[in-house]
Each structure stands twice: as C-alpha cells, then as structure tokens.
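Computed from the coordinates by the stated procedures, all read-outs in this text should not be read as laboratory data. All of these numbers come straight from a predicted model, not from anything done at the bench. Because the Cβ atoms are built from the backbone with ideal geometry, glycine has one as well, and the counts that use them run over all protein chains shown.
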Amino acid sequence: MYSRPIYKTLLSRLKEPRKFLQVLAGPRQVGKTTLIRQVIEAINIPCHYASADEPTLKSAIWIEQQWEIGRLQTRKGGKKREALLVLDEAQKVSNWSEIVKRLWDEDTANKTQLKVVLLGSSPLLIQRGLTESLAGRFEIIPITHWSFSEMKDAFGWNVEQFIYFGGYPGAAGLINDEARWSRYIIDSLIETTISRDILLMTRVDKPALLRRLFLLGCNYSGQILSYQKMLGQLQDAGNTTTLAHYLDLLAGAGMLTGLQKFAGKQIKQRGSSPKLQALNTALICAQSNMSFSTAMTNRDFWGRLTETAVGAHLVNGTIGTKAEVFYWRERGKEVDFVLRLGKTIAAIEVKSGRSKDTLVGMDAFSSIFKPQKKLLVGGSGISIEEFLSTAVMEWVS
C-alpha cells in the first residue's frame, strides 16, 4: 500500500497532545480520503469519519451530530480518553467555521480530548472560513496534485506518461483505455469540481463564462494573455475584474491559475497580463482529442505540454510555502518561470521543443535582476525527468 510523504506528517501531528485542528485542503481526487483512512488504521484510537460531500448541502445540525458521535468515541479511548473525528467537505455546510469554533472551544474548556481533522476540496473556501472564525485554532496541511516522483513510485510511470496523463492517482488504472480515462477526467474531475466545488458554493453570475475560461486556459496553458484578449477570445462583454475573479476561483479549486509578471521589488500589478497555467496536464489532454502516441509526435503540442508540466510542478511545489512563481517578459524577451523565496531568485527556461531563443530572455533578465540561479530544463540542460523528480524548494535553498 503506497502512502504519500505527507502521511507521516499528519500521523505525527495526531499523535501529539490535542492542540490544533488539522486541515487537509487540496483538489479533488488527489488522495485526501485515502490518506486519512490510512491514518485512521495506524493511529490506534477510536475514530469517526463523516462526509458532507453530497449534491444537496447539509445543515449546521449535521456537524453537531457528527461532533457528538466523536465525543462519545472518547469514552472508548482508554486512559487518555482520546478519539479522532474526521469531517470531509465540512465547508459545504453553511456557517461551518462558526459551528466548528464553538464546538472546539467547548471541548477545550471541558478538556475533552477529541482530535479533529477537516478535509476540503476547495482550499479557497476552507481558507476563508479558517481566517474568519478559527484563527489560532488550526494548522493547514496542503494536499497538492501528485508529483512525477509519486506517480513513478506508486504506479511505475515514466516521465512521458506523467507529462500526458498528469498526477491523478485515481485515473492511473485507466490509462490503457484512453477513451475511458478521458471521460473519467472530464466527468468525475472537471465537471464535478466546477459544478459542486465552485458553482454550488460560490456566487458566479456567469457560469458559462467560467466554464469557457477554464477551457481557454487549458488550450492556452503556457501562454501570456491579457484579460482584454481573453474576453475577445471568449466572445463575452464582461469585465476584466470578473475574469480575474473567476481565474482565482479556478486556482482555488486546483485547476488553473494565472501567473503574474515578475517585477522585482515593485508591487506586482493586479492588472498585468497573466500567464495561464493548468495545474495538472491531465486537464489538457483529456479534452484535447489527441491520443498519447499522437501527442508525443506532435512537436508543438508536446512542447507546450512539457512546459505546462514544469510550471505545474513549480506551482504545486510551492503551495504552503513562502516561495512564489512568476513569469517575466519585456520587449519580446521572456523567461518561462521565475521562482522567488525571500531574496533568492531562480530563473528557469524550458527547452521543450517549441522554437524560441532561450538565451536572449535569460540574458536580459539576468542583467536586470541578478538571479542566484539560472536553470535550463530540457535540451542540453537539466533533464525534464530530473527536474520533475527534484523538490521545488531545492532550487531556492
């Protein structure tokens, strides 16, 4: 049975005396439920698991009922009277954070040793509730898309399989039937995330626009597009503020983000043209109608996919850290990715097969910002496989 590295972190925290709520937040189908079930088997105290992930939203009473079951479990917890309560998708209950705060504080006052883990597939909504009501009472453990190393260790994948099929463990067993794999990604991941994690939980005045924006982001992943140009592509009379908000929602659901332009010490402008970045290459390939074998022979498509895989690796690898990922472009000269942690800057160019001069942009950027590291990934530089196998933070440590 394969366990992600984060398994040891969570298990260690739950073996400590009760101090904080543990919050596991990340996209759908990245193994949150599997992870917590592995922890439940290993922790050796009474546990209760319940999920609010249903099409119809549950009421506040549901949380109170599940919490009461957890409290009853503490009576079975031996001398320490400890138990574990796991609430999956609790953020889908209205006013969930206020209810959790009240119940947690009651247990603290009564010295009830009920440890609590919250799981959520919408990090944006989870974060909002935590900061509004639960300040000082929680620790977040980000659960990201699976990396190449994890997919290789768990399923024996090579780097080409990872670049095309991405980092969804639940879909790994379907890759020999590509039509079935594509339907799984589209129906169980893309549609479920948009309809149940975004549209059901957040006010979206133009749901069709959000869907078209996601498709546009997948089609143009790795490219820099102004919001005005996006509106033109989407044939919508909306405004750029709405578009930026929808991009934030898609990023919060772990699907698509817009990288901002690196500006050194300057405050980065919200209105700058974002570089669209899919956070899992499976989201692109499942909608592409291009098979694995055909994709590898299509120089332009494979180059764009490779660059997206590198960008997704960087973004996913910095979640939960103080590091940030940008792009840079000035007067036609461009650097694919800029990784910054504090005063340490790494400039990264991807030699992916797409025709471009990787030296001109790097030279221009280096003369202005003096990065500590200048990395070429692919071609005569660091191999794609080695880069995707290396923890992102090693490049700025």
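Within the listed set Phe301, Phe165, Phe337, the residue fluctuating most in the Gaussian network model of the chain (springs between alpha-carbon atoms under 10 angstrom) is Phe301. The orientation-averaged shadow of the Cα convex hull for region 1-70, equal to a quarter of the hull surface, comes to 5.8 nm².
Loop-located chymotrypsin sites (Phe, Trp or Tyr not before Pro) across region 1-44 with a Cβ neighbour count of 16 or fewer within 10 Å are Tyr2, Phe20, with loop assigned by DSSP. Ordering Leu249, Asn95, Ser149 by Cα displacement along the dipole of the chain toward the positive end leaves Asn95 in first place; charges were set at the Cβ atoms of Lys, Arg (+1) and Asp, Glu (-1). The phi-based Karplus calculation (6.51 cos²θ - 1.76 cosθ + 1.60; θ = phi - 60°) puts the 3J(HN,Hα) values of region 376-389 at 10, 10, x, x, 8, x, 5, 5, 4, 4, 5, 5, 5, 8 Hz, whole numbers, x for Gly and Pro.
Proximity of backbone amide H atoms, modeled 1.01 Å from N, is registered between Leu21 and Phe138, Glu139 at under 5 Å, excluding neighbours fewer than 5 places apart on the same chain.
Its alpha carbons give region 151-396 an Rg and a Dmax of 17.7, 50 Å. On a per residue basis, the convex hull of the C-alpha atoms belonging to region 312-397 measures out at 92 Å³.
Extension gain, Phe20 to Thr108, is 30.6 nm, computed as 0.36 nm per intervening residue step minus the present C-alpha separation.
Figure legend: label point modelled 7 angstrom from the Cα of Ala208 along Cα→Cβ; residues of region 220-249 with amide N under 15 Å from it are 234-238.
Relative to the compact-globule estimate of 2.2 N^0.38 Å, the Cα radius of gyration of region 6-142 comes out at 0.96. For Gly378, what residues show an amide H to amide H distance below 5 Å, using hydrogens built from the backbone and excluding near sequence neighbours? It is Lys351, Ser383, Ile384, by chain and number. Computed from the C-beta positions of Leu72 and Leu11 and an R0 of 22 Å, the FRET efficiency is 0.40 to the nearest 0.05. In this simple spin-label approximation, Lys374 and Ser149 carry label points 7 Å from Cα along the Cα→Cβ vector, and these lie 2.8 nm apart. Expressed as a fraction of 2.2 N^0.38 Å, the C-alpha radius of gyration for region 207-291 is 1.08.
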